[in-house]
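This report refers to the structure that appears directly beneath it.
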Amino acid sequence: MSVLLNKDSRVLVQGFTGSEGTFHATQMIEYGTNVIGGVTPRKGGSRHLDRPVFDMVAEAVEKTKADTSIIFVPPAFAADSIMEAAAAGIKLIVCISEGIPVNDMILVKRYLSDKDCRLIGPNCPGIITPGEAKVGIMPAFIHQKGKIGVVSRSGTLTYEAVDQLTKTGLGQTTAIGIGGDPIIGTTMLDAIKLFMADPATEGIVMIGEIGGGMEAEAAYWIKEHGTKPVVGFIAGRTAPIGRTMGHAGAIIGGKADTADAKIEILTHCNIAVVDSPATIGEKMKSLL
Amino acid sequence: MNLHEYQSKELLKKNGVDVAEGIVANTVEEAVAAAKVMQERTKRNEVIVKAQIHAGGRGKGGGIKLAHNLDEVKEKAGAILGMQLITPQTSAAGKKVNKVFIQEDAYYDGPSKIKEFYISILLNRNTSKNIIMYSTEGGMEIELIAEKTPHLIFTEEVDPFLGLQDYQCRTIAFNLKVEGVAYGNMLKFLKGLYKTYIDIDAALVEINPVLNTTDDRILAVDAKVRLDDNALFRHPDLLAMRDLTEEDPTDVEAGNNKLNYVKLDGNVGCMVNGAGLAMATMDIIQLAGGEPANFLDVGGTANAERIEKAFQIILKDPNVKAILVNIFGGIVRCDRVAQGIVDAYKSIGNIPVPIIVRLQGTNAVEAKQLIEASGLKVHSAIQLQEAADLVTMLVK
C-alpha cells in the first residue's frame, strides 16, 4: 500500500519538452512511472520521449485518461498550469516550480477549494512510492519500498531522512515533499492523516522548519488522533529572526515561528523530536 | 524587497490614499529647500525631518525630529544625514542614513480630537488569504499591542475572488470608532490601501500610525511596504526602486550569483544544497560545538563557477575557521560539485581554512574518487554524522 501514488497512476508532464521536463520525465520513466505523455502548448501532435505531446491538459486527459500531473513550468506561468490541470479533472497535481508569486497562489488555493483534486507543492521535490512510481525530482536510488511514511517541507532534507530509513532497513511507503512556500496545496496535517490511514505505513517521519503554523497544526492532531509513532525534526534552531532562509516560507516573524517553539509543541504532542537530522533513521527504528 | 517610506507613500498616493506629505532630500541644502516648499504648502512653519532607512523604530534612535523653523531643519537634517542610525530593528552598528524625508507636521491644532490607529495588510498563512489587521492602539508596535491589549487587534479576511468589500470597510471604520467626515475618508483610505497591496504584489503594507487629524483627514503618517520578491519580474518599475545601499554588499553579491546567502556571527562556514538541509547543517554545526558563520544554499543546479563564488563569499568573513560543504545530490550531481571544489581550490590558490566535504546522493562515489585523485587536503565524509564529528574535531 501507499498514499496518493502507485504503479497504476497515469502521469502527465506539463512543460514536457523543456529541459527540466525532459530530464526529469526521462528519470521518471526509467524508474517505471507510467508517464503517458505530456503537454506543451503549440507542440501538440508531436512526440517526445516516445510519448504523445498535447496542446492542452483537457485534451490529454480525454485521450489518455491521465489522473496525475507534474508541472515543470516557469514560475510566471505555473499558477495557470495548476488551474488548467484542476479544470481538466486531474486528481493529483504535483508542482515543482519554485518562485510563484504569493498572490497567484492565493488565487490558486481559492480556485482549488471546491475542486475534487489535490495539489502537492509548489516549490517541492514531489512524491515517490518506492518500487511503484516517482512523480518528482528526487534521486530514486536512495529509496526502498518499506513501512515508513515521510512528509517534509524541504527537498534535500527529505533525501537525508529517506537515505537513513533505507540504510536502517525500514524503507518508505511513500515520501512526500510538500514544499517550502508560504502557501502550499497539501499541508503537513493532510499528509499525516493519509499516512495514519494507510495500513502499510507503520511509522511517520515529519520534517518541518521555521515559519508558519503547519507543524503545530499537525502535532495537535497527532496528539488527539495519532495511532502510529512519529519522529519529528525541525530545521532552523540557529536561524536569525526576520530573514528568509532560502525557502520563501522559512522566516521567523513571531515567537510561534521559531524552531524551539515548534519543537516544544511537537514534544508535548508525543512526537519523538530528534536534535540532529543524522539520527532520524535510528530514532524511528528504536520506536518500532 | 523593502521600500523606503517616501517610496511607499508615492505608491499609496497613486491609489488615492491620503498620506502625510513630504519631499525626499539627499543633502542639507535639499532638505532646507524642501522644508521651504512644505512651509508654503501647509502654511505652517513646523516640519518633521525623518531618516529614510529600511528599519523601524527610527524615532527611538534619534532619526525623526521636529523642526520649528528653517534653521532647525538645517541643524537637524545635518545631524541625521550621514549618521549611523541605531534602532531596535537594526544591528548594533546601525544603518547609515543617506536620505531624509521632509514631512508636514500632521499633528496640527483643530476642532477634532486626534486619534492614531494601526492598519496593515498581509498574508494569513493558515488560511492562504490576505487579511487586514487593525487596531485602535496606533503608534505603538503591533507586537506590543498584541502583548498588552490583544483584544484590541481586529482582523478582516479578504476573499481573493471578490476583493475587499464595502461592508468590510464599514466594519473596520465602526470598530475603529471613526465618525463624521473621517468615516467616509476611512472607507476611501482602506480601498486605496488594499488596491495598492494587490497592484504592487506586496507582502506587507503596514501603516502605523494612521492618523485621524484635527480636521478629520485620515492619513498615513508612516508607511512600510515589503514586496513579494517572486512577483518582481512583473514590476520593473518597482524593481527600479531597490536601494542597494540598504542591503549587505555580500548578500547582494551572492544574490547576483544565484546563491542564497545570509551572514551570521559564527566560526564555521557552510555551503549546502537546499534550504532545509542548509538550515539543518547550521544546527548540526552548533550541536557539534561550533557556531554557524552563514546560511548558504547553492541551489539545485550548482556548477563549478557557482561553487567557486560560494567559497569566495564564505572566505570574506574573517571569523570563518572551517568550512563544511554538505551536498545531498538530487538534481545537482555530486561529481559536478566535487569538480567545482577542485576548480575553486586551484583558482583561489590557497584556501587557508580546513574544509570538510560531505557528498551523498547522485554520483557520490564518482565525486569521492574525483576529490581523492585531486590530492587536495580536504576531510571527506559520506554520512552526516561523520561530517558533524569532523566539525567537532576541527573547532576544538
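So which trypsin sites (Lys or Arg not before Pro) in the range B:216-315 pass both tests, a DSSP loop state and at most 14 other Cβ atoms within 10 Å of the Cβ?
Details: sites: B:Arg217, B:Lys224, B:Arg226, B:Arg234, B:Arg242, B:Lys258, B:Lys263, B:Arg306, B:Lys309; in loops: B:Arg217, B:Arg242, B:Lys258.
Passing both the DSSP loop test and the Cβ count: B:Lys258.
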Quiz item: Can you tell which of A:Phe54, A:Phe141, A:Phe233 shows the greatest fluctuation in a Gaussian network model of chain A with Cα springs below 10 Å?
Solution: A:Phe141
Self-check item: Choice from A:Ile137, A:Ile70, A:Ile128 showing the highest fluctuation, given a GNM over chain A with Cα pairs closer than 10 Å
Solution: A:Ile137
Exercise. Rounded, prolate or oblate: pick one for the range A:94-141, where a ≥ b ≥ c are the square roots of the eigenvalues of its C-alpha gyration tensor, a/c under 1.5 means rounded, and failing that, prolate if a/b is larger than b/c, else oblate.
Key: oblate
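Given a cut-off of under 8 Å on Cα pairs at least six residues apart, what relative contact order in percent is computed for the range B:258-366?
Values: 223 pairs, mean separation 32.0, N = 109.
Reported as a whole number, the value is 29 percent.
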Quiz prompt | Estimated Rh, chain B: Kirkwood, alpha-carbon pairs, angstrom | solution = 24.0
Quiz item: So what is the calculated 222 nm ellipticity per residue for the protein assembly as shown, using -39500 (n - 2.57) for each DSSP H run with n of 4 or more, over all residues, to the nearest 500 deg cm²/dmol?
Solution: -11000 deg cm²/dmol
Exercise. Let me know the Kirkwood hydrodynamic radius for the protein assembly as shown, please, with Cα pairs as the basis and the value in Å to one decimal.
Key: 26.9
Practice problem: Measure nothing but the geometry: give the 0 to 90° angle between the long axis through the Cα atoms of B:334-348 and the longest principal axis through the Cα atoms of chain B, rounded to 10°. | Solution: 90
Practice problem: Quick one: what are the phi-derived ³J(HN,Hα) couplings along the range B:379-393, Karplus 6.51/-1.76/1.60 with θ = phi - 60°, whole Hz, x for glycine and proline? | Solution: 8, 10, 9, 10, 7, 4, 5, 4, 5, 4, 4, 5, 4, 4, 4
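Could you tell me what percent of the accessible area of the protein assembly as shown is made up of carbon and sulfur, with a 1.4 Å probe and every protein chain present? The partial results should precede the final answer.
Numbers: 14080 of 27120 Å².
Roughly 52 percent, rounded to a whole number.
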Quiz item: Dividing the Cα convex hull volume of the range A:130-281 by residue count, how many Å³ per residue is that?
Solution: 99
Practice problem: With an 8 Å cut-off on Cα pairs and a minimum separation of 6 or more residues, tell me the relative contact order of the range B:150-302 in percent. | Solution: 14
Quiz item: Summed for both chains, how many Å² of accessible area, to the nearest 100, are buried between B and A with a 1.4 Å probe?
Solution: 4000
Practice problem: Return the residues of the range B:285-332 for which accessible area with all protein chains present is lower than in the chain on its own by 20 Å² or more; set the probe to 1.4 Å and exclude ligands, DNA and RNA. | Solution: B:Gln286, B:Leu287, B:Phe295, B:Phe328, B:Gly330, B:Ile331
Quiz item: Taking the Cα atoms only, what angle lies between the long axis of helix B:166-175 and the longest principal axis of chain B, rounded to 10 degrees?
Solution: 80
Quiz item: What percent antiparallel are the DSSP beta bridges of chain B, to the nearest 5?
Solution: 70
Practice problem: Give me the Debye-computed log₁₀ of I(q)/I(0) at q = 0.11, 0.23 Å⁻¹ for the range B:229-354, equal point scatterers on Cα only, no solvent, two decimals. | Solution: -0.39, -1.38
Quiz item: Let a ≥ b ≥ c be the square roots of the eigenvalues of the Cα gyration tensor of the range B:313-396; is it rounded (a/c under 1.5), or, if not, prolate (a/b larger than b/c) or oblate?
Solution: oblate
Quiz item: Residues of the range A:181-226 losing 30 Å² or more of accessible area relative to the isolated chain, 1.4 Å probe, heavy atoms only?
Solution: A:Pro182, A:Ile183
Quiz item: Expressed in whole Å with the largest first, what are the equivalent ellipsoid semi-axes of the range B:244-287 derived from the C-alpha gyration tensor as the square root of 5 times each eigenvalue?
Solution: 22, 13, 7
Quiz item: Which parts of the range A:105-127, residue by residue, lose 10 Å² or more of accessible area when the rest of the protein chains are there, as against the chain isolated (1.4 Å probe)?
Solution: A:Ile106, A:Leu107, A:Lys109, A:Arg110, A:Tyr111
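What is the range A:1-65 by shape, rounded, prolate or oblate, if you read a ≥ b ≥ c off the alpha carbon gyration tensor as root eigenvalues and call it rounded for a/c under 1.5, prolate for a/b larger than b/c, and oblate otherwise? Provide the component values of the computation, followed by the final result.
On the way: a/c = 2.20, a/b = 1.37, b/c = 1.60.
Cα axes put the range A:1-65 in the oblate bin.
Just the accessible area per residue of the protein assembly as shown, please: how many Å² with a 1.4 Å probe? Working shown, then result.
Working: 27120 Å² over 684 residues.
Spelled out: the 1.4 Å probe surface of the protein assembly as shown, per residue, equals 40 Å².
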Quiz prompt | Most mobile listed residue (A:Gly179, A:Gly208, A:Gly18) in chain A, GNM with C-alpha springs under 10 Å | solution = A:Gly18
Self-check item: Span from the the range B:142-216 Cα centroid across to the the range B:352-396 one, whole angstrom
Solution: 55
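The values are calculated or read from the model by the stated rules, or taken from the named source; none is laboratory data. On a predicted model such as this, the values are computed, not experimentally measured, just so you know. Note that each Cβ is placed from the backbone with ideal geometry, even for glycine, and that neighbours are counted across all protein chains shown. With ligands, DNA and RNA removed, areas are computed over all heavy atoms of the protein, side chains included. Shrake-Rupley method; radii C 1.70, N 1.55, O 1.52, S 1.80 Å.
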